[in-house]
Amino acid sequence: MNRLLRAAAAALALAAPWALAQDANLARNLAATCANCHGTNGAARGDMKVLAGVPADKLIAMFNDYRNGNQPASIMHQIAKGYSEEQVRLIAGYFAAQQPRK
């Protein structure tokens, strides 16, 4: 039984990156979780930070500042800890490709 569990765990570990790569909408779906605060496609209104059109490397740096506690936030520091590095790259790439509101 132990051998079977190890084999299943190994198969899942090997399949996980492949599954992420297969979902063409994964970046959009992950970014959709940001819409409540940052607006649809990152086009925020009011005092919230606009994410649309911001270069991906800048978004990743901002995200990591929240994750590491270097940027004050009410909730963003907790949200940032829930994403893997790959997910952060996908989200940042998605928002970087969006057109900012004019």
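Cβ-Cβ distances below 7 Å connect the following pairs, each with a first residue in region 40-69 that is of a type in the set (Asp, Glu), a second residue that is modelled with pLDDT of 90 or more and surrounded by fewer than 17 Cβ atoms within 10 Å (Cβ to Cβ), and a separation of six or more residues or different chains: 65/71.
As a summary of the residue check, residue 80 satisfies the conditions (1) closer than 17 Å to residue 35 by Cβ; (2) in contact with a helix residue (DSSP H, G or I) (Cβ under 8 Å, 6 or more places away or on another chain); (3) touching a residue at least 24 places away in the same chain (Cβ under 8 Å) except for the one numbered (3). Of all residues in region 46-77, exactly one satisfies the criterion of being charged (D, E, K, R) and within 12 Å of residue 34 (Cβ to Cβ), namely 49. Do you know which of the residues in region 17-42 that are part of a helix (DSSP H, G or I) and either of a type in the set (S, T, N, Q) or in contact with a strand residue (DSSP E or B) (Cβ under 8 Å, 6 or more places away or on another chain) (or both) is modelled with the highest pLDDT? My answer is 29.
The values are calculated or read from the model by the stated rules, or taken from the named source; none is laboratory data. Since this is a predicted model, take the numbers as computed values, not measurements. With ideal geometry, Cβ positions are generated from the backbone for all residues, glycine too; neighbour counts draw on all protein chains shown.
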